[in-house]
Amino acid sequence: MYKIKCCRPVWGLLLLMAVLPFMKGMSQNRPVVQTKFTADPAPMVHDGTVYLYTSHDEDDAPEGMGRFLMKEWLLYTSTDMVNWTDHGAVASLKDFKWLNKENGAWAPHCVERNGKFYLYCPLHGNGIGVLVADSPFGPFIDPIGKPLVWQKEHWYDIDPNIWIDDDGQAYLYWGNPTLYYVKLNEDMISTSGEIVEDKTFPKREDRESPYHYQEGPWVFKRNDYYYITYASTCCPEGIGYAMGKTPVGPWEFKGYIMKPDRRSSGNHPGVIQYKDKWYVFGFNFLLNFRQTDKHHERRSVCVAEITFNPDGTIQELPWWEEGTPVNPVGTLNPYKRTEAETIAWCEGLKTKSNPSGGIYVTAVHNNDYIQVREVDFKKGAKSFEVSAASVSGGKIEIRLGNVDGQLLGVCDIHSTGGAETWKTFTTNVKKVKGVHDLYFVFKGGEGELFNLDYWKFNK
């Protein structure tokens, strides 16, 4: 998360000019989520699944730099790094009962320890709070009823990051434009010792430095080295990194994972190792500028694979839109119930929570579609079923490869009598074998056609 200290009336125009070449057709490396605006990625690997916690830029965020509208924190999961399932909001500002705020749910971080899940939440202007749950999906509750850290003399307490070292000592890092850290007790909800201001990086005022720390710290360890990645050189922000021999430095700058680019005013790293590969998450503004030529704080999380050199340094990546797409590291089983909100890419759609707490796909119009990657049909399917709710109805074309690819079948969706009145619809499909990208292409008349809950194929 970044904070603009001066007015830059031409910034939105500069961003628009930079992204214009990419607006007609999406580039190779596309944002992870398209149904909502997401930012500040905080990935966590647990029991073979990637849990991606994000902040949420509301659709109606006002025009202008630094005008954030953020009320809650979202969760997405994946087991293949290409298909992501939307689990909706796992926490919000309302979970902090002592806090009277309707905006300011900035960059989070979630970690697991001793079977509990701790979600660290910056409450812009009110320090950093912590929530705890028995599951990575929540429900999360506030165990202390106050900020975990709050240096009331300034607003710098943002962008928390947690590292649990090999000896069991946990550290909390945070801050803009200064890097702070403090030790956490084993309970993960109290601190030990004094807050330390790291002196390794030049402060924001040192504009001569191309690699100074700005915000968004993320610490990890690989082999014998500790790494700290961070948003640097605001504004625009790149992703810089430094290496050290301890979790508190001293840190030696090594370069950029991604240089600043005028296509985005900000960036915010999150790094994980998953299935023997390393990934960096960040964000851009590409989806915002597909909708409007005005700058709104409506960001989109992206991911790219990173490569280490023999000496431990990291190879620099191109900007998100120019990078190589992430390759899948697993396949999707179509014979199990798959939530409709499991998406590799989509056009024109939104997701919504129903009263029971589930998520479904909505805002389905004619020619919208969902892509699901690496679907393993094995020896072939005979039929397809989908749970849908509709007032007007429509059709789902089931295709392979692209929106105009091989047609497996067409599923007719009739009126169910209400937008949340769910019925199951089925159709026979042509037999297909092997692994394919699957497309659901929606057809119908004017307006919204139907809502989707889940789908599956039958052998």
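The values are calculated or read from the model by the stated rules, or taken from the named source; none is laboratory data. What you see is a predicted model; the values in this text were computed from it and never measured. All Cβ positions, even for glycine, are placed from backbone atoms using ideal geometry, and neighbour counts span all protein chains on display.
Taken together, the residues in the stretch 250-266 that are assigned to a loop (DSSP other than H, G, I, E, B) and in contact with a helix residue (DSSP H, G or I) (Cβ under 9 Å, 6 or more places away or on another chain) amount to 5. Against the list (1) assigned to a strand (DSSP E or B); (2) modelled with pLDDT of 95 or more; (3) not assigned by TED's automatic domain parsing to the domain that holds Asp368, the condition Pro247 fails is (1). Mind checking whether some residue in the stretch 86-107 is under 30 Å from Arg373 (Cα atoms), buried (at least 23 other Cβ atoms within 10 Å of the Cβ) and in contact with a His (Cβ under 9 Å, 6 or more places away or on another chain)? Scanning the stretch 86-107 turns up at least one residue that is under 30 Å from Arg373 (Cα atoms), buried (at least 23 other Cβ atoms within 10 Å of the Cβ) and in contact with a His (Cβ under 9 Å, 6 or more places away or on another chain).
The set of residues from the stretch 33-70 being in contact with a Ser or Thr (Cβ under 6 Å, 6 or more places away or on another chain) and farther than 18 Å from His109 by Cβ comprises just one member, Thr35. Is there a residue being closer than 16 Å to Val132 by Cα, exposed (fewer than 14 other Cβ atoms within 10 Å of the Cβ) and out of contact with any Ser or Thr (no Cβ under 9 Å at 6 or more places or on another chain) anywhere in the stretch 165-188? Yes, there is a match, as at least one residue in the stretch 165-188 is closer than 16 Å to Val132 by Cα, exposed (fewer than 14 other Cβ atoms within 10 Å of the Cβ) and out of contact with any Ser or Thr (no Cβ under 9 Å at 6 or more places or on another chain). Annotation note: Cβ proximity below 8 Å between a residue of the stretch 241-264 that is touching a residue at least 12 places away in the same chain (Cβ under 8 Å) and on the phi > 0 side of the Ramachandran plot and a residue that is surrounded by fewer than 19 Cβ atoms within 10 Å (Cβ to Cβ) and of a type in the set (D, E, K, R) (sequence gap 6+ or interchain) occurs for Gly249/Asp198; Gly255/Glu316. Of the residues making up the stretch 265-312, those that are of a type in the set (D, E, K, R) and either in contact with an Asp or Glu (Cβ under 8 Å, 6 or more places away or on another chain) or within 18 Å of Pro31 (Cβ to Cβ) (or both) number 7.
Condition test on Leu349, is it under 24 Å from Ala242 (Cα atoms), crowded, with 17+ Cβ neighbours inside 10 Å, touching a residue at least 60 places away in the same chain (Cβ under 8 Å) and over 15 Å from the mean Cα position of the chain (by Cα)? It is false that Leu349 is under 24 Å from Ala242 (Cα atoms), crowded, with 17+ Cβ neighbours inside 10 Å, touching a residue at least 60 places away in the same chain (Cβ under 8 Å) and over 15 Å from the mean Cα position of the chain (by Cα). Going through (1) in contact (Cβ under 8 Å) with a residue 40 or more places away in the chain; (2) over 32 Å from the mean Cα position of the chain (by Cα) one by one, Gly434 falls short only on (2). For Thr54, state whether it is in the same structural domain as Phe117 (by TED's automatic domain parsing), within 26 Å of Ser356 (Cα to Cα), surrounded by 23 or more Cβ atoms within 10 Å (Cβ to Cβ) and in contact (Cβ under 8 Å) with a residue 24 or more places away in the chain. Yes. As a summary of the residue check, Lys36 satisfies the conditions (1) on the phi > 0 side of the Ramachandran plot; (2) within 14 Å of the chain's Cα centre (by Cα) except for the one numbered (1).
Tell me whether the stretch 183-190 contains one or more residues that are of a type in the set (S, T, N, Q), at pLDDT 95 or above, out of contact with any helix residue (DSSP H, G or I) (no Cβ under 7 Å at 6 or more places or on another chain) and farther than 19 Å from Thr246 by Cα. Yes, the stretch 183-190 contains a residue that is of a type in the set (S, T, N, Q), at pLDDT 95 or above, out of contact with any helix residue (DSSP H, G or I) (no Cβ under 7 Å at 6 or more places or on another chain) and farther than 19 Å from Thr246 by Cα. Within the stretch 115-130, does at least one residue satisfy the condition of being surrounded by fewer than 19 Cβ atoms within 10 Å (Cβ to Cβ), in the same structural domain as Pro247 (by TED's automatic domain parsing), farther than 26 Å from Asn267 by Cα and modelled with pLDDT of 95 or more? Yes: one or more hits. Of all residue pairs spaced 6 or more apart or on separate chains, those with beta-carbon atoms under 9 Å, a first member in the stretch 290-301 that is more than 17 Å from Gly348 (Cα to Cα) and assigned by TED's automatic domain parsing to the domain that holds Ser265 and a second member that is charged (D, E, K, R) and surrounded by 14 or more Cβ atoms within 10 Å (Cβ to Cβ) are His296/Asp57; Glu297/Asp57; Val301/Asp40. Of all residues in the stretch 382-424, those being surrounded by 13 or more Cβ atoms within 10 Å (Cβ to Cβ) and under 22 Å from Trp345 (Cβ atoms) number 20. In summary, Ser135 fulfils each of the numbered conditions (1) closer than 26 Å to Val303 by Cβ; (2) surrounded by 18 or more Cβ atoms within 10 Å (Cβ to Cβ) with the single exception of condition (2).
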